[in-house]
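**Student:** Take a look at the following structure, please.
Coordinate-derived values only; no laboratory data. Nothing here was measured: the structure is a model prediction, and the numbers come from that model. Neighbour counts are summed over all protein chains in view; Cβ atoms, including those assigned to glycine, are modelled from backbone coordinates with ideal geometry.
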């Protein structure tokens, strides 16, 4: 079963169980995937594309959560946390710090990167391996710490 099929099935299950937050979150996700398909001029989304859209949606929720906490809007914080939890349940398990460092080491060996100036080369090799499994900001911090002498 593809990821998109699973999301559509979970929308139906959520509607039957009257889980309003889950249904609205998954509908927003489905809408974001459909918008991606329209822009990409495609008929059907591959799992990797759905994961990419899913990661973007989760990142938006994290950023909104941060903004709402700074503004003291606890009602919106709770809503964003609930939506983020639902979205994260569809994302692959996040890499631990040790696993991420291991992936970076492999990418350094493959790309031959030695200094922070080689970061672009390294990220090109590394990002496909960790896509959806680690936040880009976190990956960048680890790469920078490992390339800085």
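**Student:** What's the center-to-center distance, using Cα atoms, between segment 112-149 and segment 35-111 in Å?
**Tutor:** Answer, in whole Å: 18.
**Student:** Using the beta-carbon distance between residue 137 and residue 42 and R0 = 30 Å, what value does 1/(1 + (r/R0)^6) give for FRET efficiency, to the nearest 0.05? Don't skip to the end; give the middle numbers.
**Tutor:** Details: r = 28 Å, r/R0 = 0.94.
The computed FRET efficiency comes out at 0.60.
**Student:** Ok, one more. Given the DSSP H assignment, sum -39500 (n - 2.57) over each helix run of at least 4 residues in the chain and divide by its residue total; what's the result at 222 nm in deg cm²/dmol, nearest 500?
**Tutor:** Working: 7 runs with 114 residues, N = 149.
Counting only the DSSP helices, I get -25500 deg cm²/dmol.
**Student:** Next question. Among 110, 148, rank each residue by its count of other Cβ atoms within 10 Å, from fewest to most, as a rough exposure measure.
**Tutor:** Working: 110 13, 148 8.
In order of increasing Cβ crowding within 10 Å: 148, 110.
**Student:** Compute the helix-to-body angle for 136-147: its Cα long axis versus the longest principal axis of the chain, expressed 0 to 90° and rounded to tens.
**Tutor:** Helix 136-147 sits at roughly 10 degrees to that axis.
**Student:** Let me ask something else about it. Could you state the angle between the C-alpha long axis of helix 3-16 and the longest principal axis of the C-alpha atoms of the chain, as a value from 0 to 90 degrees rounded to the nearest 10?
**Tutor:** The angle comes out near 30 degrees.
**Student:** So what is the relative contact order for segment 3-88, in percent, with contacts set as C-alpha pairs under 8 Å and at least six apart? Numbers along the way, then the final one.
**Tutor:** Values: 58 pairs, mean separation 25.5, N = 86.
Worked out over segment 3-88, it gives 30 percent.
**Student:** Would you mind calculating the relative contact order of the chain from Cα pairs under 8 angstrom and at least 6 residues apart, reporting the percent as a whole number? Mind showing how you got there, number by number?
**Tutor:** Values: 113 pairs, mean separation 29.0, N = 149.
Relative CO of the chain lands at 19 percent.
**Student:** Another question, if that's okay. So between residue 12 and residue 71, what do we pick up on full extension, going 0.36 nm a residue minus the alpha carbon distance? Walk me through the intermediate numbers first.
**Tutor:** Numbers: separation 59, 0.36 × 59 = 21.24 nm, distance 3.49 nm.
Taking residue 12 through residue 71 to full extension adds about 17.8 nm, to one decimal.
**Student:** A further question follows. Can you give the relative contact order of segment 97-147 as a percent, counting alpha carbon pairs under 8 Å and 6+ residues apart?
**Tutor:** Values: 32 pairs, mean separation 23.5, N = 51.
In percent, rounded to a whole number, it is 46.
**Student:** I need the shape label for segment 3-88. Rule: rounded when a/c is under 1.5, else prolate if a/b > b/c, else oblate, with a, b, c from the alpha carbon gyration tensor. Kindly include the intermediate steps, with their values, before the conclusion.
**Tutor:** Values: a/c = 2.74, a/b = 1.42, b/c = 1.93.
In terms of gyration-tensor shape, oblate.
**Student:** Measure nothing but the geometry: give the 0 to 90° angle between the long axis through the Cα atoms of 20-40 and the longest principal axis through the Cα atoms of the chain, rounded to 10°.
**Tutor:** Approximately 60 degrees, to the nearest ten.
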